[in-house]
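Data first, discussion second: the structure below is written as structure tokens.
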Amino acid sequence: MNKQPGLVEIAFSKSFEMAFAAAVHLDEMHGQALSALEGKVIELWIAPVKFPLFCLVNQNRITTQTVLNGEADVTLKTGLRQFRVLAQEGYFEAKYIRGDEVTGQAFIKAMESLEIDWEEHLSHYTGDLVAFKIGHGFRSLLERKQNTKQYAGDTLREYLQFEINALPTRNQVEHFAKDVQQTHAEVEKIAERIQALSNQLSQIKPS
Amino acid sequence: MSQNKNTIDFGFTEVPLEEKVKKVKGVFDSVAGNYDIMNDVMSMGIHRIWKRKTIELSGVRPGNTVLDLAGGTGDLTKAFAKRVGKDGKVVLADINESMVRVGRDRLINEGIVGNVDYTITNAEALGFPDNTFDVATIAFGLRNVTNKDKALEELYRVLKPGGQLMVLEFSKVTQPMLAKFYDFYSFNILPKMGKLIADDEASYQYLAESIRMHPDQETLKQMMLDAGFDKAEYINMSEGIVALHRGWKF
Ligand SMILES: C[S@@+](CC[C@H](N)C(=O)[O-])C[C@H]1O[C@@H](n2cnc3c(N)ncnc32)[C@H](O)[C@@H]1O
């Protein structure tokens with residue numbers, strides 16, 4: 001699949017990567033649970049998201065991306081809701097689709113043994129991001145918000161702002177534009193002043 | 001690019017060909033220490049999202065061999081090293097020793113060890129055998145290379161069949177209003193910021209000029225095809241401030 005990932009895909013992928021990184025960082029076993037998956041790629045379809053998330057496992061760490069050359073070792077289907085269940089009940093439900101079943105089982109086991117505060121990570125970022133894209137999502141979360149669309153948009157912006165540090169806020173842009181204008185005006189003022197001075201200079205020069 | 005055989009554009013100033021390599025080296029020598037900070041300030045942090053997109057689209061997988069040409073302080077190398085794992089390899093190659101040194105220290109500091117090689121290389125003459133890499137990247141580097149056609153031919157040569165080249169580079173802004181603002185930004189603001197932060201106005205003046213002299217989207221795509229790539233395409237990012245060109249060897 002060579003569809004170009006947009007901001008939503010990138011943010012989605014990045015937020016999972018951060019959740020995994022946080023979990024491994026906090027894990028007393030330093031991500032030892034992932035050692036059975038060394039060098040493997042797990043393709044996750046996380047309903048209702050419409051693109052795959054590839055989890056690359058290397059040296060007890062997981063990185064994520066939305067594009068992969070070649071085939072993943074195993075493909076699993078799960079849902080955002082399943083991550084919430086995982087957080088609350090320590091049980092991860094994922095349906096085997098194709099590939100190496102042993103790897104699939106090992107991934108599910110690893111997910112269940114890693115202490116990831118999915119609620120925190122995913123309701124904060126992904127739930128809203130997905131909601132932003134498809135118009136519905138974590139109901140309970142969104143029902144609390146009056147203007148959900150606006151809220152999701154704000155969250156996306158906030159997310160990109162603080163987590164990927166990618167988009168300048170409107171304030172920053174306005175500030176920047178003002179600075180540019182001001183610099184421009186000042187340069188012009190100085191140019192005028194130099195012109196005036198040199199005019200004066202040529203006037204007082206004895207002829 | 002200049003028509004005159006013996007001179008080449010150094011930003012907007014034409015200089016004899018062999019001098020350009022030295023000048024470019026000088027520019028990056030002087031900015032190496034502040035490079036990361038400048039990078040953030042100059043692009044307001046957006047370069048990170050351009051790079052993340054490049055990484056996502058590379059599709060790299062564990063075991064892959066990746067070349068990060070003109071890799072500088074190693075942003076892409078770091079991300080690739082985490083992805084290719086212990087059976088893979090990333091080569092950070094750059095013409096400038098200070099940049100490579102800053103990059104290597106930084107990556108070692110961050111615990112990225114074991115699967116990264118560092119090498120001082122000119123993009124025009126890569127010291128690697130044919131068919132070595134699954135993915136090759138050159139991010140914000142091609143515009144500094146004197147003979148871009150030669151560099152592209154070399155990149156094609158060292159890619160494995162099925163391999164992909166990714167060129168991330170400033171390009172031609174497609175939106176007229178933004179183009180104006182961007183011009184003013186790069187020629188007036190950017191060098192001033194360079195002076196404030198790195199105390200080096202001239203180098204950032206050069207950076208601004210070299211951005212403007214770089215071939216536009218269609219031209220670069222054609223150059224890639226002429227260099228031998230079997231397929232080439234590009235995507236614009238941030239209205240064409242930056243374009244990601246991708247070329248495949250079949
Ligand atoms: C703007 S930096 C980009 C660094 C890094 N790729 C990034 O995106 O952060 C450009 C790099 O190109 C390197 N460079 C310039 N000319 C080169 C050449 N002919 N061969 C290899 N590297 C070159 C410079 O030394 C510098 O490190």
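The values are calculated or read from the model by the stated rules, or taken from the named source; none is laboratory data. Quick caveat: nothing in here was measured; it's all calculated off a predicted structure. Neighbour counts run over all protein chains shown; Cβ positions are idealised from the backbone, glycine included.
Is one or more of the residues making up segment B:81-91 at pLDDT 95 or above, surrounded by fewer than 21 Cβ atoms within 10 Å (Cβ to Cβ) and either at positive phi or within 13 Å of the ligand (Cβ to nearest atom) (or both)? Taking every residue of segment B:81-91 in turn, none turns out to be at pLDDT 95 or above, surrounded by fewer than 21 Cβ atoms within 10 Å (Cβ to Cβ) and either at positive phi or within 13 Å of the ligand (Cβ to nearest atom) (or both). No other residue among B:149, B:200, B:130 is touching a residue at least 60 places away in the same chain (Cβ under 8 Å) and closer than 23 Å to residue B:250 by Cα apart from B:149.
Evaluated against (1) over 28 Å from residue B:244 (Cα atoms); (2) surrounded by 21 or more Cβ atoms within 10 Å (Cβ to Cβ), residue A:65 falls short on exactly one condition, (1).
Restricting attention to segment A:1-58 and to residues that are among the polar types (S, T, N, Q), within 20 Å of residue B:61 (Cα to Cα) and more than 17 Å from the chain's Cα centre (by Cα), the residue that is nearest to the other protein chains (Cβ to nearest Cβ) turns out to be A:58.
Filtering segment B:67-74 for residues that are touching a residue at least 40 places away in the same chain (Cβ under 8 Å), aliphatic (A, V, I, L, M) and either over 17 Å from residue B:166 (Cβ atoms) or at the interface with chain A (Cβ under 10 Å from one of its Cβ atoms) (or both) leaves an empty set.
For segment B:138-186, the candidate set comprises residues that are within 14 Å of the ligand (Cβ to nearest atom) and basic (Lys, Arg); within that set, the residue that is farthest from the chain's Cα centre (by Cα) is B:150. Among the residues of segment B:46-66, those that are within 11 Å of the ligand (Cβ to nearest atom), more than 8 Å from chain A (Cβ to nearest Cβ) and either in a loop (DSSP other than H, G, I, E, B) or over 11 Å from residue B:137 (Cβ atoms) (or both) comprise B:47, B:50. Can you tell me how many residues in segment B:123-137 are within 13 Å of the ligand (Cβ to nearest atom), of a type in the set (A, V, I, L, M) and outside any loop (DSSP other than H, G, I, E, B)? Number satisfying all stated conditions: 1. Could you figure out which of (1) within 14 Å of another protein chain (Cβ to nearest Cβ); (2) farther than 26 Å from residue B:54 by Cα isn't true of residue A:82? Exception for residue A:82: condition (1).
For segment B:138-176, the set of residues classified as farther than 17 Å from residue B:244 by Cβ and either of a type in the set (D, E, K, R) or in a strand (DSSP E or B) (or both) consists of B:149, B:150, B:153, B:154, B:157, B:160, B:161, B:162, listed by residue number. Would you confirm, using the coordinates I've provided, whether residue A:76 is over 23 Å from residue B:52 (Cα atoms), surrounded by 22 or more Cβ atoms within 10 Å (Cβ to Cβ) and in contact (Cβ under 8 Å) with a residue 40 or more places away in the chain? So residue A:76 does not fit the description; no. Residue selection: residue A:127 fails the criterion of being more than 30 Å from residue B:136 (Cα to Cα), at pLDDT below 85 and in a loop (DSSP other than H, G, I, E, B).
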